[in-house]
Amino acid sequence: MLQYYMPTIRVDQDVFEGLQQLAKPFVDSPSMVIRRLLEDRGVLAKGMQPARQKSRAESSATTLTPQPVYEKYLLYVLAREFNGQGHKRDVTHAIVKRMMKDGFIGAADQELVSTGETKAENTITWARNALKQRGYINRAARRGIWELTPEGKSAASKVVLPKSD
C-alpha cells in the first residue's frame, strides 16, 4: 500500500475556528478548506485531486480521533441527552457509545493510557477542559458534574452530528 507524507501544522484557535466556519461540517477537513481557498486565489490548480484519504472506517482503526470531534460530541450529548448537566462518568459513557455508533472511535482510541482509561475517555476529559476554557462548561459546578453555561448551550444548539442508523 502506498504511504503519503502528510505534514502536521498547528494553527491558532481563532484560525481553526475560522476554518470551521468555512467548512462543510463532517465533510471538509481543514486541508480541504485550505485547498479550496488556495484554488480560489490561483495558488493551486482547480480540480487537482489530493492524495487519497482513508475512509473514516479505515483511518479510525489506526488513527486517533481529533479532540475537536470529541468537543462537538460532548456539547451535543451534554445538551441533548443530559439537559445541560451530568456526571462525568455518565456523560463520558454516553459520548463513547454515540461516537462508536457513528464510527468515530476505532482501535487506536480504545487503547489504554497510564491512568487505566481509554484514549477516548482521556480525550473527552481534555475536550471538557478546552470547552471550560472557552466558557462553555461551568467552572463552578460541583466536582464530577459537567454543566453547560448559557454560552455552552448556545454552542451546543449549533452542533450537527452525522445521522445514526
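The values are calculated or read from the model by the stated rules, or taken from the named source; none is laboratory data. Owing to the predicted nature of the structure, the values given are computational and were not obtained by experimental measurement. We place every Cβ from the backbone using ideal geometry, glycine too, and count neighbours over all the protein chains shown.
Restricting to the stretch 102-117, name every residue that is surrounded by fewer than 18 Cβ atoms within 10 Å (Cβ to Cβ), closer than 16 Å to residue 64 by Cα and not hydrophobic (A, V, I, L, M, F, W, C). Matches in the stretch 102-117: 102, 103, 110, 111, 117.
Which one is surrounded by the fewest Cβ atoms within 10 Å (Cβ to Cβ), of the residues in the stretch 21-35 that are out of contact with any helix residue (DSSP H, G or I) (no Cβ under 8 Å at 6 or more places or on another chain) and modelled with pLDDT of 75 or more? Of everything passing the filter in the stretch 21-35, 21 is surrounded by the fewest Cβ atoms within 10 Å (Cβ to Cβ). When the stretch 130-153 is limited to residues that are among the aliphatic types (A, V, I, L, M) and assigned to a helix (DSSP H, G or I), the one that is surrounded by the most Cβ atoms within 10 Å (Cβ to Cβ) turns out to be 131. For residue 101, state whether it is at pLDDT 85 or above and in contact with a Gly (Cβ under 6 Å, 6 or more places away or on another chain). So residue 101 fails the test. From the residues in the stretch 126-165 that are of a type in the set (Val, Ile, Thr) and modelled with pLDDT of 95 or more, which one is farthest from residue 23 (Cα to Cα)? Top of the filtered list is 145. Of everything listed in (1) at pLDDT 95 or above; (2) farther than 23 Å from residue 110 by Cα; (3) under 18 Å from the mean Cα position of the chain (by Cα); (4) small (Gly, Ala, Ser), the single unmet condition for residue 84 is (3).
For the stretch 68-96, residues that are under 18 Å from residue 162 (Cβ atoms), surrounded by fewer than 16 Cβ atoms within 10 Å (Cβ to Cβ) and in contact with a Phe, Trp or Tyr (Cβ under 9 Å, 6 or more places away or on another chain) total 1. Would you check which residues across the stretch 154-165 are assigned to a helix (DSSP H, G or I) and either free of Cβ contacts under 8 Å to residues at least 12 places away in the same chain or not hydrophobic (A, V, I, L, M, F, W, C) (or both) and list them? Hits for the stretch 154-165 are 154, 157. If you check 119, 132, 88 for being touching a Gly at 6+ places or on another chain (Cβ under 7 Å) and closer than 26 Å to residue 13 by Cα, only one passes: 88.
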